[in-house]
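Here's the structure we're looking at; comments come further down.
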Amino acid sequence: MPGFFIPYKTEMINSNIIIVGGGLAGLTAAIHLAQKGQKITLFEKDSFPHHKVCGEYLSREVKPYLDDLEINLEKLKPKNLDRLLYSTPSGRSIEVDLPLGALGVSRYALDELLYETAKANGVEVLQEKVTEITFLKDRFKVTSSEGEYSAGYVLGGFGKRSLLDKNLNREFFKEAAPWVAVKSHYQLKDFPDDLVALHNFKGGYCGLSRTESGNINMCYLATYESFKAHKDPEIFNEKVLRKNPFLNNFLAEASPVFEQPLTIAQISFSKKEAVKDHVLMMGDTAGLIHPLCGNGMAIAIHSAKIASEEILKHFKTGNSREEMENAYKERWDKIFSQRFRTAFWLQKILLSENLAEISQTLISTMPFLLPKIIKKTHGEPIV
Ligand SMILES: Cc1cc2nc3c(=O)[nH]c(=O)nc-3n(C[C@H](O)[C@H](O)[C@H](O)COP(=O)(O)OP(=O)(O)OC[C@H]3O[C@@H](n4cnc5c(N)ncnc54)[C@H](O)[C@@H]3O)c2cc1C
C-alpha cells in the first residue's frame with residue numbers, strides 16, 4: 001500500500017514523508033499533509049525566525065487557501081497593498097490600482113507563523129542541513145548534517161539554489177546565474193501604507209512597500225555585471241539607484257533599520273524540472289519567477305497545495321508513483337507556465353532602457369493595459 005511505513009535500514013530514522021526546506025513551500029506542504037493525518041519530518045538548515053531576501057509583497061490569491069489551513073494571517077496585521085506606482089530610470093511614472101492586491105508582510109513574521117502552525121499540527125521540524133537525497137528500490141535515503149533518514153516520499157522546497165541541486169545533477173545548476181539581490185528595511189513616515197512602488201534603474205529594478213512592522217521593505221534585483229563594478233550595496237545605491245529620482249528621494253529621507261542589508265548572489269531564472277529523481281519540487285526549487293511580478297511566494301504556496309493533493313490522491317487511489325509524478329508535472333505546467341512566460345518578457349522589456357521608456361509611453365496613453373498585464377503574472381484566488 002502506498003505510503004505504508006517500512007523501515008529501510010534499522011539504524012536509520014524513518015518517516016513517511018520528508019520535506020526538505022522550511023520556507024513557504026515546505027512549511028505549507030507540511031501543514032497541509034499533517035492536517036490530513038500524514039507523518040511529516042521537515043528539515044530546515046536555519047533557525048526561526050529569520051529575515052530573507054524578498055520583496056515581501058504577498059499576492060492576495062493565497063488568502064483563501066491559507067484560511068483553509070487555519071493559517072491566520074490577520075494575526076500579523078499585514079498592510080493592504082492596493083496601488084502600484086511604476087517608474088522608469090529617468091523618473092517617468094504611472095500609478096494604477098492593483099487588480100487583486102497584496103499583503104505587505106515580512107518573511108521574518110510570515111515564515112515564523114507557518115513554522116509555529118506546522119509544529120502545532122504535529123510536524124517534526126529538524127534544524128539540519130540536508131546534503132544528499134537518493135532514491136533506491138522505491139524508498140528515499142535522505143542524508144543530513146546529523147544522520148540518515150528513510151522515507152517513502154520526499155518533497156523539495158529548498159529554494160532557489162542549493163548544493164542539493166548539484167547533487168541531483170540538475171541542468172540549471174550548470175548554467176549562468178548572473179543576478180544579485182539586496183534587501184533592507186527602512187523607516188520613513190511619509191510613505192503610503194497601501195502602495196507598492198517598482199522603480200527601474202540601469203541594470204535592475206527595486207521594490208518599495210510597507211510590511212506589518214511599519215518598516216518599508218526595499219528590495220532590488222540587479223545584474224551581477226552592473227553590481228560588480230561597485231560591489232558594496234551602499235556604493236551601488238549612491239551611484240546607480242539614486243539616478244532614478246524616486247529612489248533618490250527615498251534614500252535621501254529614509255533611515256535604514258538593518259545594520260547591513262541582506263545580499264544574495266548567483267540567482268538564476270533558468271527552467272527547472274518540477275520532478276527530479278522522484279522528488280516533487282515546489283516553490284523556487286521548481287522554478288523562480290522574475291520577482292518584478294511579486295508572485296513567487298504565491299507560487300510557492302500554491303505549488304505546495306498541488307504537491308500535497310497529488311500525494312494524498314496517490315495514497316487514496318493507489319495510482320502508481322509515476323502517475324502521481326506526471327499528474328503533478330501536468331498541473332504545475334498548466335497553472336504556472338504562462339505566468340513564467342509573461343514574466344520573462346516583462347523583465348526583458350523593463351531591463352532595456354529604450355523599451356522601458358517606449359512601454360511607459362504606451363501605458364500612459366492606455367493605462368488600462370497595466371492591470372491586464374499584472375493579471376497575467378498572478379493567479380486567481382486559490383480555492
Ligand atoms: C529580489 C527578490 C525579490 C522578491 N520579491 C518577492 C515579492 O515581493 N513577492 C513574492 O511573492 N515573491 C518575491 N520573490 C520570490 C520569493 O521570495 C520566492 O519565490 C519564495 O521565497 C519561494 O519560497 P520557497 O519556499 O520556494 O523558498 P525559500 O523561502 O527560499 O525557502 C527555502 C528554504 O530551504 C532551506 N534550505 C535550503 N537548502 C537546504 C538544505 N540543504 N537543507 C535544509 N534546508 C535547506 C532554506 O534555508 C530556506 O529556508 C522575490 C525574490 C527575489 C530574489
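Please find, among 222, 265, the residue that is surrounded by 16 or more Cβ atoms within 10 Å (Cβ to Cβ) and outside any helix (DSSP H, G or I).
Exactly one residue qualifies, and that residue is 222.
Given the criteria within 12 Å of the ligand (Cβ to nearest atom), touching a strand residue (DSSP E or B) at 6+ places or on another chain (Cβ under 8 Å), at pLDDT 95 or above and aromatic (Phe, Trp, Tyr), does residue 48 qualify?
Working: within 12 Å of the ligand (Cβ to nearest atom): yes; touching a strand residue (DSSP E or B) at 6+ places or on another chain (Cβ under 8 Å): no; at pLDDT 95 or above: yes; aromatic (Phe, Trp, Tyr): yes.
No, not satisfied.
Here segment 244-262 is the region considered, the condition is being more than 17 Å from residue 196 (Cα to Cα) and free of Cβ contacts under 8 Å to residues at least 60 places away in the same chain, and the residue that is surrounded by the fewest Cβ atoms within 10 Å (Cβ to Cβ) is 259.
Given 208, 251, which one is within 16 Å of the ligand (Cβ to nearest atom), of a type outside the set (D, E, K, R), at pLDDT 95 or above and not in a loop (DSSP other than H, G, I, E, B)? The unique qualifying residue is 208. Scan segment 287-331 for residues that are outside any helix (DSSP H, G or I) and near the ligand (Cβ under 8 Å from one of its atoms) and the total you get is 4. Got at least one residue in segment 126-135 being surrounded by 22 or more Cβ atoms within 10 Å (Cβ to Cβ) and under 22 Å from residue 303 (Cα atoms)? Within segment 126-135 (the criterion being surrounded by 22 or more Cβ atoms within 10 Å (Cβ to Cβ) and under 22 Å from residue 303 (Cα atoms)), the answer is yes, since at least one residue qualifies.
Looking at 199, 185, just one residue is buried (at least 23 other Cβ atoms within 10 Å of the Cβ), touching a Ser or Thr at 6+ places or on another chain (Cβ under 9 Å) and closer than 16 Å to residue 244 by Cβ, and that residue is 199. Restricting 318, 294 to residues that are at pLDDT below 95, on the phi > 0 side of the Ramachandran plot and in contact with a Pro (Cβ under 9 Å, 6 or more places away or on another chain) narrows the list to 318.
Listed conditions (1) surrounded by fewer than 22 Cβ atoms within 10 Å (Cβ to Cβ); (2) out of contact with any Phe, Trp or Tyr (no Cβ under 6 Å at 6 or more places or on another chain) are all met by residue 178, apart from (2). Within segment 89-118, the set of residues being of a type in the set (Phe, Trp, Tyr) and closer than 17 Å to residue 213 by Cα comprises just one member, 108.
Please determine whether any residue of segment 97-108 is modelled with pLDDT of 95 or more and of a type in the set (D, E, K, R). Looking for residues that are modelled with pLDDT of 95 or more and of a type in the set (D, E, K, R), one finds at least one in segment 97-108, hence yes. Being at pLDDT 95 or above, within 9 Å of the ligand (Cβ to nearest atom) and on the phi > 0 side of the Ramachandran plot is a property that residue 122 lacks. Note on segment 57-78: residues that are within 15 Å of the ligand (Cβ to nearest atom), of a type in the set (D, E, K, R) and within 17 Å of residue 27 (Cα to Cα) amount to 1.
Please tell me if residue 182 is more than 9 Å from the ligand (Cβ to nearest atom), at pLDDT 95 or above and aliphatic (A, V, I, L, M).
So residue 182 fails the test.
Just to be sure I understand, how many residues within segment 49-94 are among the hydroxyl-bearing types (Ser, Thr, Tyr) and part of a helix (DSSP H, G or I)?
Number satisfying all stated conditions: 1.
The values are calculated or read from the model by the stated rules, or taken from the named source; none is laboratory data. This one's a predicted model, so the numbers in the text were calculated from it and none came from an experiment. Note that we place each Cβ from the backbone using ideal geometry, even for glycine, and neighbour counts take in every protein chain shown.
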